[in-house]
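Okay, so here's the structure we're looking at.
The values are calculated or read from the model by the stated rules, or taken from the named source; none is laboratory data. This one's a predicted model, so the numbers in the text were calculated from it and none came from an experiment. Glycine gets a Cβ as well: all are built from the backbone with ideal geometry, and neighbour counts include every protein chain shown. Side chains included, ligands, DNA and RNA excluded: accessible areas come from the protein's heavy atoms. Shrake-Rupley method; radii C 1.70, N 1.55, O 1.52, S 1.80 Å.
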Amino acid sequence: TTFDTPEQLPNTISFTNDNKHVVINYSKAIKIYSATSGKAIFSISNPDINHYNLQVQNNQFILPGANYSADLWSINNRKITRNFKGYLNQTRTDGLRFDYSSWIDVGILQYISYRTNLSIHPNNQEIVIGKVDSSTIVLNLNTGKKTKTLTDASKVNFCQAYSKDGK
């Protein structure tokens, strides 16, 4: 089969598990082709996939998503089937509704979206993370749950550390 591809070298080429599709990763795009006809079925543009090591399993693959998340793509459905987010990029629940595409909100978002430093407890069981609302939270690494909230600060906590004894 001959594939109608752009005039650039691919980074990775993968077959799906059922060998019905070929997934080719270029510098800023993923193209999915029919393995029998060679015709492009669909493509995805993403500036964050330059030299991305694409792995296809069960006709699915993961690509970088918006706001430091990850998107699970389905080849059969030709769409994102799930978005994975972590603690630092979950949807805000504090009533602050700002839009990343609004030039007015960008300055505010730049400040309130700072990723503060974190510190791992000496026993490797918890971490402490500062938040822009001047609080600091302690997360249990085994459960992923918040165990404490410290609210003594008067300003944003950009860095924090445990003492060597963890107290």
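At-a-glance table
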| quantity | calculated |
| --- | --- |
| All strands (runs of 3 or more DSSP E) inside segment 1-59 with 2 or more residues being free of Cβ contacts under 8 Å to residues at least 40 places away in the same chain | 21-25, 29-34, 40-45 |
| Residues that are surrounded by 13 or more Cβ atoms within 10 Å (Cβ to Cβ), of a type in the set (S, T, N, Q) and at pLDDT below 85, drawn from segment 76-116 | Asn89, Ser113, Thr116 |
| Strands (runs of 3 or more DSSP E) completely within segment 122-167 that count 2 or more residues being open to solvent by less than 30 Å² (accessible area, probe 1.4 Å) | 126-130, 136-140 |
| Flag if Asp71 is at negative phi, surrounded by fewer than 13 Cβ atoms within 10 Å (Cβ to Cβ) and under 18 Å from the mean Cα position of the chain (by Cα) | no |
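Here's the yes/no breakdown for (1) open to solvent by 20 Å² or more (accessible area, probe 1.4 Å); (2) among the small types (Gly, Ala, Ser); (3) touching a helix residue (DSSP H, G or I) at 6+ places or on another chain (Cβ under 9 Å):
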residue: Lys28; (1), (2), (3): yes, no, yes
residue: Lys31; (1), (2), (3): yes, no, no
residue: Ile44; (1), (2), (3): no, no, no
residue: Ile49; (1), (2), (3): no, no, no
residue: Asn53; (1), (2), (3): yes, no, no
residue: Phe61; (1), (2), (3): no, no, no
residue: Pro64; (1), (2), (3): yes, no, yes
residue: Asn67; (1), (2), (3): yes, no, yes
